[in-house]
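What follows is a set of notes on a single structure, which appears directly below.
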Amino acid sequence: MTDKQRMMIREDMERIFDSLPDLESLKNKKMLITGANGMLAGYLVRFFAYLNSEKSFRMTVYALSRNGAKLEENFRDEIEQGGVIPLVQDVTDTIPDDITPDVIFHLAGNADPGSIMNDPDGVIRANVEGTVNMLELARKSNAEIVFASTREVYGALPEGTLKIREDDMGSLDMTDPRTCYPASKRKAEALLKDYNNKYYVNYINLRIAHVYGPGMKVENDGRVMADFLGDAIHGRNIMMKSSGEMLRAFCYITDAVSGILTAYLKGERNTSYNLANETEEISVRDLAGLIAGSASEKAGLHKTNVVYDLSADKSGYAKFKRVSLDTSRLEALGWRPEVSLEDGIVKTLKYLSR
């Protein structure tokens, strides 16, 4: 990590800290974060390390991932400072007996089209077997669990649905190859409720939509934000695989982390919360133009153009017509998204371009 990247990460940590309610209850807690090399989980690791180094919170943070070398690379500073402990294993493997967390943030699992098309069983195992494993650990440790689900669990909703509330649920097409992802997330949500009913394990379930920011994978990912950013960073033309009329909404990573922690700190247990930034809905076509313009005009990168390849394989993409998430339940706890789409894109481009 360069000095410029460290400075940008620190700015983001300070933004998260300033956005949150009283954090005193986090002091001295033992946290286990699965999927720690992922973008969202990685920011949680960094934020807890920030609380330790800058605010003397004295937390123990177990960062779980299969890739130990990447853990050492991503969190070298945080590990050296103390408080962050790499835990190198699969999320489906039994956790060592001496690790007894107070809170488990279960964020492991792949959602990119490549993994969904080429490793659907791996996607399912992380979401189902991994969740059982984390729930067993929570039961034995008397821990709470915070689960990262997805907006895709809602499936296809009735025509005319204007906003999706947490108690809505549509249909999933079980013949669609992508269904391995939302169906296994639904199963994981059912397991959360089962363990609460049977073993009194408390949970918070977050249905998260389209998060982006520093730490995201931008090569061979397959999702529009990642692919477009990767093209801009490497000076390639931004490749559109459709006419770009589909609508999306994107949440910058600091707002997502703030939402997760707001739900944990202030939310009702054994409840689901929608987490999304619905303030700036944008078409895929306009997103491509915004990234191309931001790259050359504000991030200091080479000019890039938007081109179209309508013959490209789109089988790994979600096919549901977009309906916005109702985030009023989370907003009632005091959370609001703060980072505009343009500002978040510029920050991400500057970070990833080093």
### Query
Do we have any residue at all in the range 213-235 that's under 20 Å from SER283 (Cβ atoms), among the β-branched types (Val, Ile, Thr), modelled with pLDDT of 95 or more and buried (at least 21 other Cβ atoms within 10 Å of the Cβ)?
no
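Of everything in the range 9-38 that's assigned to a helix (DSSP H, G or I) and small (Gly, Ala, Ser), which residue is surrounded by the most Cβ atoms within 10 Å (Cβ to Cβ)?
Filtering first and then ranking leaves SER19.
Among GLY230, GLY235, GLY222, which is the only one that is out of contact with any strand residue (DSSP E or B) (no Cβ under 7 Å at 6 or more places or on another chain), over 27 Å from ARG46 (Cα atoms) and either without any contact (Cβ under 8 Å) to a residue 60 or more places away in the chain or not polar (S, T, N, Q) (or both)?
Of the residues listed, the single one that is out of contact with any strand residue (DSSP E or B) (no Cβ under 7 Å at 6 or more places or on another chain), over 27 Å from ARG46 (Cα atoms) and either without any contact (Cβ under 8 Å) to a residue 60 or more places away in the chain or not polar (S, T, N, Q) (or both) is GLY235.
Across the range 170-198, which residue is surrounded by the most Cβ atoms within 10 Å (Cβ to Cβ) among those that are hydrophobic (A, V, I, L, M, F, W, C) and either out of contact with any helix residue (DSSP H, G or I) (no Cβ under 6 Å at 6 or more places or on another chain) or without any contact (Cβ under 8 Å) to a residue 12 or more places away in the chain (or both)?
Residue satisfying both the conditions and the ranking: LEU192.
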### Message
Yes or no: the range 157-166 includes at least one residue that is under 25 Å from SER25 (Cβ atoms), in contact (Cβ under 8 Å) with a residue 40 or more places away in the chain and over 20 Å from the mean Cα position of the chain (by Cα).
### Response
no
### Query
Counting just the residues of the range 73-104 that are among the hydroxyl-bearing types (Ser, Thr, Tyr) and at pLDDT 95 or above, which one comes out surrounded by the fewest Cβ atoms within 10 Å (Cβ to Cβ)?
THR100
### Message
Just to confirm my filter: which strands (runs of 3 or more DSSP E) fall fully inside the range 236-354 and include at least 1 residues that are small (Gly, Ala, Ser)?
### Response
271-275
### Task
Just name the residue that is nearest to the chain's Cα centre (by Cα) out of those in the range 108-136 that are surrounded by 21 or more Cβ atoms within 10 Å (Cβ to Cβ) and under 17 Å from ASN270 (Cα atoms).
THR131
### Query
Got a sec? Which helices (runs of 4 or more DSSP H) wholly within the range 75-147 have at least 2 residues that are within 25 Å of LYS55 (Cβ to Cβ)?
76-81
### Query
Of the residues that sit in the range 195-210 and are assigned to a loop (DSSP other than H, G, I, E, B) and not hydroxyl-bearing (Ser, Thr, Tyr), which one is farthest from the chain's Cα centre (by Cα)?
VAL201
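The values are calculated or read from the model by the stated rules, or taken from the named source; none is laboratory data. Keep in mind that what you see is a predicted model, and the values were worked out from it rather than measured. Cβ sites come from the backbone with ideal geometry, for glycine too, and all protein chains shown count toward neighbours.
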